[in-house]
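Data block below; observations after.
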Amino acid sequence: MSYLARRKFISRVAETLCAVAVLLALLPLAFILFYVIRQGIGSMNWAFFTQMPKPVGEVGGGMANAIVGTLIIIGIAALFAVPVGCICGIHLAEYPDTKFSSMVRFAADVLNGVPSIVVGIFAYGLVVLPVKRFSAIAGGVALGLLMIPIVVRTTEELLRLVPSGLREGALALGATRGRAVMTVILPAALPGILTGILVALARVAGETAPLLFTAFNNRFWSTNITQPMASLTVQIFTYAISPYDDWHRQAWAGAFLLVMIILTLSIVARLAVRRLERMNRT
Amino acid sequence: MKMRGSDDRTFRIGTGVFAAVVLLIVLGIGFELTRQSLLSIQKFGFSFWTGKVWDPVSGEFGAQPFIWGTLYSSVLALIIATPISLGIAIFISELSPRMLRQPLTYLTELLAAIPSIVYGLWGIFVLVPLVRKLELATPGFLKGIPLFKGPPLGVGMLSAALILAIMVVPFTSSVAREILKNVPSNQREAAYALGATRWEAIKVAMGYGKSGIIGAVMLGFGRALGETMAVTMVIGNNPQVSTSLFAPQYTMAAVIANEFTEAADELYLHALIEIGLLLFIITIAVNGMSRLLIWSMKSRSRHVVPIAPVTPEAVAA
C-alpha cells in the first residue's frame, strides 16, 4: 500500500470508529428506555396514582403520597430557587464582563458540579440539625440549592439570545436598565426562561441522594412540610432494594412516570428555545 | 426628574446581591461541612484518610476503602467513556450529515436527563445479571490475574464502572463538541491545504482544542466522583481495597447515602460528613480546573481574526 493510500485507509477506519462510538452510546439509551417503558407500562394502574402504600408483604397499593410529596418538595425548592436564580441570571446577562460576574459564573458552574449528596449534607446541617427533625422543608432547600445554578445559567443564556436591538431601543428611548429589563428584555425571553425553569424542576424532581436524610421518607399521607415526607425517588429506591416482587413492579412504574415527565419537559423546552433562536435570526 | 444613573446603580447592586448568594452558597457548603465534621477531624487527623477499618460500633473510622472505591470506579468509567465521548463529539461536529446533527445531539443529551435512580433501577435488574453472566463466562486462565479475582456476583466494581461510564458520556461529549465547534475553521482549512486527510485535519482541530478537551474529560471525571444512587445500587457496598473488577466495593458517596440516617452517635455522623467534605473539595478542584481549561480554550478561539473571504468585489478593488 502506498503512503497516501495508507493514510486514507487510516482516516476511513478512524471515521468509522467515531460512528461506532455514537452507536455505543445510543445502545444503552435505547436499552434503558426500552426497559423502563416495557416494565413501566405493565406496572401502571389507577391505584398507583390514587392509593397509599400497602403494609409490607401485601400486594397492591400505590404511591399517591410520594407523588404529592415530590410535588410539594419541588414547590418549596422553586419558591426560593427561581427568584434567586433568575435575578442572578439577569445580573450576569446585563453586566457580562465584570470581574464579579465571572466569579459568580464560575461559582455557579462549580456548584452545578458539586455532588447532590454533598448539597444534601449542607441542607441537613442548615435545616434538620437545628430542629432535630427531618422535614419536607429541608428536602426543598436541598433541591432548591441544586436548582439555582441551572436556573442562573439558563436565564443568562436565554436573555443573551434576545436581539440586542431590543435592549438598545429601550435604552435609547430613555428607559433605565431596570425598566428595559423588566418591560422589554425579560418578556421577550420569558417563554424560554419558563421552560428552562420547568426543565430544572424536572431535573431536581429526579434527585434521590439529597432527600435521603432531609425529607427522609414517610409511609403515610402527609402534607405537613415540617414533617418527614415521602418522595417518588426515595420510594423507588426503597422499593428497588426490597426483596418483594410487587414493590419492584411499583418501582418500575415510578421510574416510568419520572422518565415520561422529564422527556415531555425536555421536548417542550427544545421547541421553545428553537422558537427564540428563530426570532433572533430574523 | 429622577437621576437615571442612580436608578441604574440601584438595579446593578440590587441584582448583584442575589448574584452574591451563589458565591455565598459555595463558601457556605465548605464552612458548614468543616464545622460539622470537626469531631472526626480532631480525633483522627490524617489517619482518617489512610485508615482501612470502618467500624462504627467500636468508633474506629478509616476512609481509605471509600476513597479507593470512588477513585477506582471513576477512573475505570473514564477509561471506557472518554474514547466514546470524543468519538461522538467528532462524529457530530465533523462527520455527520447536517440533518443528523440536531437529533444526535438531542439523543446523547437525553442520557444526561435520565435520573440517577432510574439508572440504578435498571442497573439492579438488567445490568447486574448481564455482568454476572459475563463474569461466569470469564475463561479460567484469566482468573489468576488480580483484575478478575473473586466470585462472579454481578454486583461490584465492573457494574459500577459500566453504569458510571454511560452516565458520564453525555457530559464529556457535549463539552468536547462545543470545543470542536469553537476551533477556527482556518485550522482545518490549513491542514487540508497541506494535503491532510479528513482524519488528519480532525487531529489538527483536536490539537488546537487540546486544553478544552482535557477540560471536558475532567468534567466527566467530576461527575463520576460524586455520582451516588446508581453506584450505591450496583457496587455491592463492601468496604475493601481491591483491584478486582468482580469485587463488591464501596464509594464515598455511597457510604454517606447508606449510613447517614443510621449514624447514632455524633462521632459517626462527623466521620460521614468528613467524607462529604473531602468529596466536596475534590469535586470543586476537578470542576474548577475543568471550567478554567474550557474557558481558556473558548476565549482563545474567540480572539482569532477571521480571514476575509475573497470576493469578486475585493479583487476588483
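No lab work stands behind these numbers, since they all come straight from the coordinates. None of the values given here were measured: they were computed from a predicted structure. Neighbour counts run over all protein chains shown; Cβ positions are idealised from the backbone, glycine included.
Considering the options A:Ser101, B:Pro103, B:Ala224, tell which one lies farthest towards the positive end of the dipole of the protein assembly as shown, charges being +1 on Lys and Arg and -1 on Asp and Glu at the Cβ, about the Cα centre.
B:Pro103
Can you give the FRET efficiency for B:Ser6 and B:Leu136, using 1/(1 + (r/R0)^6), R0 = 60 Å, r = Cβ-Cβ distance, to the nearest 0.05?
Plugging the Cβ-Cβ distance into 1/(1 + (r/R0)^6) gives 0.20.
Among A:Ala30, A:Ala189, A:Ala205, determine the one that fluctuates most according to a GNM of chain A built with springs between C-alpha atoms less than 10 Å apart.
Greatest mean-square fluctuation among the candidates belongs to A:Ala30.
For chain A, what does the helix formula give at 222 nm: sum of -39500 (n - 2.57) over DSSP H segments with n ≥ 4, over the residue count, nearest 500 deg cm²/dmol?
-25000 deg cm²/dmol
Treating the angle as unsigned and between 0 and 90°, give the value, to the nearest 10°, between the Cα long axis of helix B:4-35 and the longest Cα principal axis of chain B.
So the inclination is approximately 30 degrees.
Restricting to DSSP loop positions (anything but H, G, I, E, B) with no more than 13 other Cβ atoms inside 10 Å of their own Cβ, which chymotrypsin sites (Phe, Trp or Tyr not before Pro) remain in region B:2-84?
Those satisfying the criteria are B:Phe46.
Using Cα atoms only, what is the angle between the long axis of helix B:157-182 and the major principal axis of chain B, expressed in degrees (0 to 90) to the nearest 10?
20 degrees
May I ask for the longest run of chain B untouched by trypsin sites (Lys or Arg not before Pro) that are loop-located per DSSP and have at most 13 neighbouring C-beta atoms (other than their own) within 10 Å?
In short, B:53-317.
Tell me the net charge near A:Pro149. Cut-off is 13 Å between Cβ atoms, A:Pro149 excluded, with +1 for each Lys or Arg and -1 for each Asp or Glu.
My count for the surroundings of A:Pro149 gives +1.
Which residue, B:Ile13, B:Ile145, B:Ile79, tops the fluctuation ranking in a GNM of chain B built on C-alpha contacts under 10 Å?
Maximum fluctuation in the GNM of chain B, among the listed residues, is at B:Ile13.
Rounded to the nearest 0.05, what FRET efficiency do A:Trp46 and A:Thr183 give with R0 = 60 Å and r taken as the Cβ-Cβ distance? Could you check?
Here the calculated transfer efficiency is 0.80.
Assuming a strict under-23 Å limit between Cα atoms, what lysine pair count do you get for chain B once near-sequence pairs (fewer than 8 apart, same chain) are dropped?
Lysine pairs meeting both conditions in chain B amount to 9.
Once you average over the residues of A:235-246, how many Cβ atoms of partner chains fall within 10 Å of each Cβ?
Per residue, the number of nearby Cβ atoms from other chains is 3 on average.
Spin-label point model (7 Å from Cα, Cβ direction): what's the B:Asp265 to B:Ser299 distance in nm?
5.1 nm
Only Lys, Arg, Asp and Glu count, each charged at its Cβ (+1, +1, -1, -1), so figure out the dipole size of the protein assembly as shown about its Cα centre, rounded to 20 debye.
1680 debye
Just want the ordering: A:Trp221, B:Trp295, A:Trp252, B:Trp199, from fewest to most Cβ atoms lying within 10 Å of their own Cβ.
Listed from fewest to most nearby Cβ atoms, that is A:Trp221, B:Trp295, B:Trp199, A:Trp252.
Pick from A:Ile148, A:Ile241, A:Ile193: which is most flexible by mean-square fluctuation in a GNM of chain A where alpha carbon atoms under 10 Å apart are linked?
Highest fluctuation of the listed residues: A:Ile241.
Treating the beta-carbon of each Lys and Arg as +1 and of each Asp and Glu as -1, no other charges, what is the dipole magnitude of region A:174-282 about its Cα centre, to the nearest 20 debye?
The calculation lands at about 700 debye.
Search the structure for amide H atoms under 5 Å from the amide H of B:Glu60, placed 1.01 Å from N in the peptide plane, and list their residues when 5 or more places away or on another chain.
Residues meeting the amide H criterion: B:Asp55.
How far, in degrees from 0 to 90, does helix B:266-302 lean away from the longest principal axis of the Cα atoms of chain B, to the nearest 10?
Rounded to the nearest ten degrees, it is 10.
Within a 10 angstrom radius of the beta carbon, how do A:Phe216, B:Phe171 rank from fewest other beta carbons to most?
A:Phe216, B:Phe171
How many percent of the alpha carbon pairs in region A:113-254 exceed a separation of 27 Å?
Here the long-distance tail beyond 27 Å is 41 percent of all Cα pairs in region A:113-254.
Restricting to DSSP loop positions (anything but H, G, I, E, B) with no more than 15 other Cβ atoms inside 10 Å of their own Cβ, which trypsin sites (Lys or Arg not before Pro) remain in region A:63-170?
A:Lys132, A:Arg133
Taking the number of other C-beta atoms within 10 Å as the exposure measure, put A:Leu143, A:Leu4, B:Leu78 in order starting with the fewest.
Ordered from fewest to most neighbouring Cβ atoms within 10 Å, A:Leu143, A:Leu4, B:Leu78 come out as A:Leu4, B:Leu78, A:Leu143.
So if I place +1 on the C-beta of Lys and Arg and -1 on the C-beta of Asp and Glu, and nothing else carries charge, what would the dipole magnitude of chain A be about its Cα centre? I want it in debye, nearest 20.
700 debye
Would you kindly derive the ³J(HN,Hα) couplings of region A:145-150 from the backbone phi angles with the Karplus curve 6.51 cos²θ - 1.76 cosθ + 1.60 (θ = phi - 60°), listing them in order in whole Hz, with x for Gly and Pro?
Residue by residue, region A:145-150 yields 4, 6, 6, 3, x, 5 Hz.
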